[in-house]
Number of protein chains: 2
Amino acid sequence: MRIAIDAMGGDHAPQAQVEGALAAAKEWPDTEILLVGRPDAIEPLLAQGKPSNVKIVPALELIESDDEPVRAVRRKSDSSMVVAGRMVKEGEADAMISSGNTGALMAVGLLVVGRLKGIERPGLAPVLPTLDDIGVLALDLGANMDAKPEHLLQYALMGTLYREKVHGMKKPRVGLLNVGTEAAKGNELTKAAFELLEPAPIHFVGNVEARDVLERNCDVLVCDGFAGNILLKAMEGAAGTIFKVLKEEFTANWKTKIAAALMMPGLRRVRKKMDYTEHGGAPLLGVNGLVIKGHGSSDAVAVKNAIRQARIAIGNGLIPALADEFGGK
Amino acid sequence: MRIAIDAMGGDHAPQAQVEGALAAAKEWPDTEILLVGRPDAIEPLLAQGKPSNVKIVPALELIESDDEPVRAVRRKSDSSMVVAGRMVKEGEADAMISSGNTGALMAVGLLVVGRLKGIERPGLAPVLPTLDDIGVLALDLGANMDAKPEHLLQYALMGTLYREKVHGMKKPRVGLLNVGTEAAKGNELTKAAFELLEPAPIHFVGNVEARDVLERNCDVLVCDGFAGNILLKAMEGAAGTIFKVLKEEFTANWKTKIAAALMMPGLRRVRKKMDYTEHGGAPLLGVNGLVIKGHGSSDAVAVKNAIRQARIAIGNGLIPALADEFGGK
């Protein structure tokens, strides 16, 4: 199988991307890794030698993190992200992974790779952290700001298939993000979506609340992109702030510094549990090919993990299964 | 001034409500406290003597926490919550405070007290905790699930007046809850609301993100009831879970138990900072009278604080000011 890496996208690009690719190429010799980007930036990082299953695909332009997504994708046709997307579209790669501009990657999914037949709106599906480390696959978390009930139904079906094919889950529980667990709760969107989800061929467990996500109240969390983004950032913000204040408290005086030393392993464990960058990349589900969004701050380990994730999805036929479900590729 | 207390609503009712009322009556002899509820439940709690500025107003029914709100308010006309609402409506009380069923209290606001002229949808406006302990007044957090852009504009105006009149703030900064800070971000609702907020006679600071609320990125946070509820519960859930896991880590072995003892004051401070029950009651803004929702778990101190808040709002003419702003009472 062939996996295209946008070598230029991400806070630590191209170093983290190249290092992660090299580690993956070594571990999985059957996988061809295509590093897409500027050769003059990538080649120096291959000074130790380039494994035979790593190739450089030249792409001279770069989509910046503050570029306006759709315009950037339309104009920068020789950017690493667009070139990687085109390789997926044309069957030259089985998957692409990018840690660059999220909006631009969604535009690449829509405009370059194209929608899967039968899907109205693709959804971005990261795994949110949970206490038991298994995580909740949540979608959509930002691709589709004004979702319709039918979109949420498609997210539930796609999320279920992803959990089954990539995470090996049987009958993943699907929850609808809402303001209360009773069936009648919510806004017009969630009330209508509830009616569609209940008879659907999924394991629907009803409405779930934002406060219980960390306890893994479901395996697939369905929501519109606006609410999902608020959820994610509120959890991230609360966790970040608490750890920041704890750090201040721990460095307040000699007593608390002793306490900090005693507690360090435990604190690290708690911090790690809350870190949503730990759970690999977020697939853009609903496009006609495998597109994975890595976290902007991805290091080499995260890049390698995203490649592992792509390998599993390809090996287990995720995209053909999705195409089957929604009416043929 | 006269303040009606729903003595039967809340997890610790009527004890916490009566104790809080007694403490308030003692501190503010100019204020008449009207304890609304079942005399046989309230009187035994006044065994130590009833101050002359405390009165019992009999109401024999009770709205339970799991009652369907609108039906309960319509059918239980002799419930403590409905009777307190009627007193506000008929000018027998200048404010009412209830820690009971939130949905029912919003129904009391709409159906018993009535909307303020010119207001389309009332909004529930709790203060969210911030690191600097000043808090962010957020509305709407659950009264109006399908807000229109005009509702968000009214929330911005009402929230600004509340901050000025009750919290003594000058030019409170109004932020629009969104998925990014750029003007073009968001869903149809926030994009249209942005256009209305920008020219409005408020100190609009633009879009704000969920992750920065704890850093007090604005003083009045405007959002629809659905997104606001997700925000609140995600923050609450993340904080609750982190403290739960920290507690487990702190009790893991003798070393961590020593650390816990050394850190206790600091941990309590952090926990308290994140506790959104610390910031008094949430006004239901947009009804034709002062209606304050206390947290369900309110203790006597919280009840007394809500009474303090009501006193300030009454003393500074909040409701007449709102009536003026939106077209006369």
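The values are calculated or read from the model by the stated rules, or taken from the named source; none is laboratory data. Not measured: the values here are computed from a predicted model. Cβ coordinates were reconstructed from backbone atoms using ideal geometry, including for glycine residues, and neighbour counts include every protein chain displayed. What goes into the accessible areas is simple: the full protein's heavy atoms, side chains included, and nothing from ligands, DNA or RNA. Shrake-Rupley method; radii C 1.70, N 1.55, O 1.52, S 1.80 Å.
If the condition is being open to solvent by 70 Å² or more (accessible area, probe 1.4 Å), within 24 Å of residue A:214 (Cα to Cα) and either outside any helix (DSSP H, G or I) or within 7 Å of chain A (Cβ to nearest Cβ) (or both), then segment B:227-260 contributes only B:251. The number of residues in segment B:307-329 being closer than 22 Å to residue B:115 by Cβ and not in a loop (DSSP other than H, G, I, E, B) comes to 13. The residue that is least open to solvent (accessible area, probe 1.4 Å), among those in segment B:196-217 that are part of a loop (DSSP other than H, G, I, E, B) and within 14 Å of chain A (Cβ to nearest Cβ), is B:217.
Against the numbered list (1) open to solvent by 40 Å² or more (accessible area, probe 1.4 Å); (2) in contact (Cβ under 8 Å) with a residue 40 or more places away in the chain; (3) farther than 22 Å from residue B:306 by Cβ, residue B:62 comes up short only at (3). Among the residues making up segment A:18-30, those that are surrounded by fewer than 22 Cβ atoms within 10 Å (Cβ to Cβ) and within 21 Å of the chain's Cα centre (by Cα) are A:19, A:23.
Which residue, of A:274, A:263, is under 27 Å from residue A:304 (Cα atoms) and facing chain B (nearest Cβ under 7 Å)?
Numbers: A:263 fails: under 27 Å from residue A:304 (Cα atoms).
Exactly one of A:274, A:263 is under 27 Å from residue A:304 (Cα atoms) and facing chain B (nearest Cβ under 7 Å), namely A:274.
Could you tell me whether any residue of segment A:226-242 is touching a Phe, Trp or Tyr at 6+ places or on another chain (Cβ under 6 Å) and either outside the structural domain of residue A:152 (by TED's automatic domain parsing) or under 30 Å from residue B:266 (Cα atoms) (or both)? Within segment A:226-242, none of the residues are touching a Phe, Trp or Tyr at 6+ places or on another chain (Cβ under 6 Å) and either outside the structural domain of residue A:152 (by TED's automatic domain parsing) or under 30 Å from residue B:266 (Cα atoms) (or both).
Picking from residues in segment A:249-287 that are within 32 Å of the chain's Cα centre (by Cα) and among the acidic types (Asp, Glu), the one that is modelled with the highest pLDDT is A:275. Can you name every residue in segment A:152-194 that is outside any helix (DSSP H, G or I) and without any contact (Cβ under 8 Å) to a residue 24 or more places away in the chain? Across segment A:152-194, the qualifying residues are A:168, A:170, A:184, A:185, A:186, A:187. Scanning segment A:127-161 for residues that are surrounded by fewer than 24 Cβ atoms within 10 Å (Cβ to Cβ), within 28 Å of residue A:273 (Cα to Cα) and of a type outside the set (A, V, I, L, M) turns up A:130, A:132, A:133, A:135, A:142.
Taking segment A:47-77 as the search range and keeping residues that are under 18 Å from residue A:3 (Cα atoms) and of a type outside the set (Val, Ile, Thr), which one is modelled with the lowest pLDDT? Going through the qualifying residues, I end up with A:50.
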